[in-house]
1. Output the number of the condition that D366 fails; it satisfies all remaining conditions of (1) within 22 Å of the chain's Cα centre (by Cα); (2) among the acidic types (D, E); (3) under 16 Å from Y174 (Cβ atoms).
2. With (1) surrounded by fewer than 19 Cβ atoms within 10 Å (Cβ to Cβ); (2) at pLDDT 80 or above as the list, and A153 as the residue in question, which single condition is left unmet?
3. Among the residues of segment 188-202, which ones are part of a strand (DSSP E or B) and under 20 Å from N234 (Cβ atoms)?
4. For the list (1) over 15 Å from V125 (Cβ atoms); (2) in contact with a strand residue (DSSP E or B) (Cβ under 7 Å, 6 or more places away or on another chain); (3) modelled with pLDDT under 90, I need the number of the one condition that G358 fails.
5. Given the conditions (1) over 15 Å from S75 (Cα atoms); (2) assigned to a loop (DSSP other than H, G, I, E, B), which single one is not true for L112?
6. For residues in segment 185-199 being in contact (Cβ under 8 Å) with a residue 12 or more places away in the chain and exposed (fewer than 13 other Cβ atoms within 10 Å of the Cβ), which is farthest from C175 (Cα to Cα)?
7. Restricting to segment 220-246, name every residue that is closer than 17 Å to K171 by Cβ and either crowded, with 17+ Cβ neighbours inside 10 Å or basic (K, R) (or both).
8. Within segment 200-219, take every residue that is touching a Lys or Arg at 6+ places or on another chain (Cβ under 8 Å) and aromatic (F, W, Y) and give me the one that is surrounded by the fewest Cβ atoms within 10 Å (Cβ to Cβ).
Amino acid sequence: MYHTLVNVEERKTGENQESWNAKDEAGLIDFSKYEALHFCIDTLPAQKKDLLLHTDSFSGDLTKDTIKTDRESISLSLAVDKSEQEWFCKDGVEVMAFLDNRLIKLTHAKTLPYSLELNLKEYSVGAHLLTLNAWSADQASVAYKNLIVLLEAKKEILPTKIDKSKPLSGKIAYCKREKGFWQVFIANLDGSKPRQLTKSAVDKRYPSFSPDGQKLAYVTNEGELWIIQIDGSNNHKISLLIHCSQPKWLSSGKEIGFVSYQDLYHGDSEIWQVNLETHKLRKLTNRAWLQYDPCYSSDENTLIFTDGPELYAQEIRKLYLKNGDITQLTDNALSAYDMQPAYSYDGTIIAYSSNESGNYNIWTMDNFARDKRNLSQDSSFDIMPQVTKDKKQIYFLSDRSGILQTWRMDINGGNLKQVTKFKTDIQDLAVYTQL
């Protein structure tokens, strides 16, 4: 019996290296327990056909290879050209569907057209890669098609509708060295009325506003997670069994995501989540090397983060929190680093820092890594972007004044203005805005 185990896709001309752990992506097929295996490894069959689709269960333009649906399942009608149907389906075809390179459906069709129903209930809102294959072993031919399935929410889940006609208000938080130690400060959006919140003789880093803007989470250089009211009261530690860095609140205010390194701030790192009431931990990533810079979408469906799978490249990936699927958003050459991604409140824009152009600049792209734009485009060092809730401005850290300070600019890169003007560097940046 012949059986295909991986999704069929084009390979570039020349030498290609493939590795396999004897399992399919979903773990449904496992040949590692067998002492001997016989494999037939080959390129795509000489005859490749376009797989034709028809469905009324979603909206969208198939010519653009994107389909949209808010349903928990979709029904696809798979077919090939009528002139080829008889010989292609002579002995039936093996039909396979892969979602995000994971096998979700495998069946045998006696003929085409064939109605294929796919269950999407366990997949999160957002974009997923769907690969469909119809394999005719007897004719050494395959029909295939790649699509983007865009799962949409059934209802509006953002808590309030943003009224952009109202003036923007809020706070910024950052760390500045005082009497030899990094301390947490808070100030108005224009940098006025800075106020020191922490004073103990230990370094503090990475302040993060709670969803209501009334509290800040931060970490110490000992890897401890603390929470403080913005008036400086009720400063208390959250007891964890592992080291903590880069805390980020979820929009519910009930949990905080964070980064934990293998050895305090060294070695491999993973992203975790802690429930603030039970202190129960949940590990979100399980990958080699570095995963850091977490940022949650306001609907708590996805998490974007910086992924460093190797020493000389770092990319931005998206984690679907419901099922653990991870999608790569950026893909640069070696020695190119994309980092510190930040969602806009509605999730349509991602701001990030990248040295793709030679210097670290502030870039933006949409939620599917399209429409990339370099906003700062100069020789300065620009990092840690934050998008205001009205989606009109980006706050970030820059050394363009000679030392690292807070700056802001319009969402299109114009109207650049310095916000903080201290005589020494500041580190880290958190921005809370409300309308």
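1. (3)
2. Exception for A153: condition (2).
3. Selection gives R195, Q196.
4. (2)
5. (1)
6. Within segment 185-199, the match that is farthest from C175 (Cα to Cα) is D190.
7. I227, I228, I230
8. Among those that are touching a Lys or Arg at 6+ places or on another chain (Cβ under 8 Å) and aromatic (F, W, Y), it is F209.
The values are calculated or read from the model by the stated rules, or taken from the named source; none is laboratory data. Note that the coordinates shown come from a computational prediction; the quantities given were computed from them, not determined experimentally. For neighbour counting, all protein chains shown are included, and Cβ atoms are generated from backbone atoms with ideal geometry for every residue, glycine included.
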